[in-house]
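The structure appears below as structure tokens.
The values are calculated or read from the model by the stated rules, or taken from the named source; none is laboratory data. For clarity, every value in this text was computed on a predicted model and none was experimentally measured. Reconstructed Cβ throughout: ideal geometry from the backbone, glycine too, with neighbour counts over all protein chains shown. Quick note on the areas: whole protein, heavy atoms, side chains included, nothing else; ligands and nucleic acids left out. Shrake-Rupley method; radii C 1.70, N 1.55, O 1.52, S 1.80 Å.
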Amino acid sequence: MLEETGVTAQLRIAGMSAVGFERAPRSAAERGRLDRFRSAIVSAGWLVFPASAGCQLFGSDVLAPGFEETPPDAETHNEHAEIRATLRYRCANGSSVSELSVNLFDSAQELETVSVEWVTPLSQGSAVVGRRQQRVSLAP
Ligand SMILES: [Zn+2]
């Protein structure tokens, strides 16, 4: 969501697309993959706005429901796991956010496409990006 003064971005990605599994990590390698992906998300380098907008990340939250350990005797076991993130930006010139680029593909090897939905003061819409086409125009 884009406003005059900033952007709030929300991400939701299935564990299989993000790290290749949807359960508690079973090895140091899997834990490392999950930790690296979470760090890549909060580093926010994957979401790019025009330099003229002067957007700065000032807050982020990342949740990973379904990746936690469940006790062996637990009634139910995780059927699904995903990463959810909220990133908050302040933009010196929010009105010049006319496009954005989504480059999650370097951090998530299994990921093929990302569905992007946006709301701005002037328009709203959706688009699908992929490795070769990562740019989304927000023009009304
Ligand atoms: Zn799932």
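Any idea which residue in the range 64-90 is farthest from the ligand (Cβ to nearest atom), counting only those that are surrounded by fewer than 18 Cβ atoms within 10 Å (Cβ to Cβ) and part of a strand (DSSP E or B)?
Applying the filter and picking the extreme gives 90.
Determine whether residue 99 is open to solvent by 50 Å² or more (accessible area, probe 1.4 Å) and either touching a helix residue (DSSP H, G or I) at 6+ places or on another chain (Cβ under 6 Å) or of a type in the set (Phe, Trp, Tyr) (or both).
So residue 99 does not fit the description; no.
Under the condition of being surrounded by 16 or more Cβ atoms within 10 Å (Cβ to Cβ) and under 17 Å from residue 107 (Cα atoms), which residue from the range 1-20 is farthest from the ligand (Cβ to nearest atom)?
Across the range 1-20, the extreme among qualifying residues is 11.
Quick check on residue 61: is it open to solvent by 60 Å² or more (accessible area, probe 1.4 Å), in a strand (DSSP E or B) and away from the ligand (no atom under 16 Å from the Cβ)?
So residue 61 passes the test.
Being under 14 Å from residue 65 (Cβ atoms), assigned to a helix (DSSP H, G or I), open to solvent by less than 50 Å² (accessible area, probe 1.4 Å) and among the hydrophobic types (A, V, I, L, M, F, W, C) is the requirement here; does residue 34 meet it?
yes
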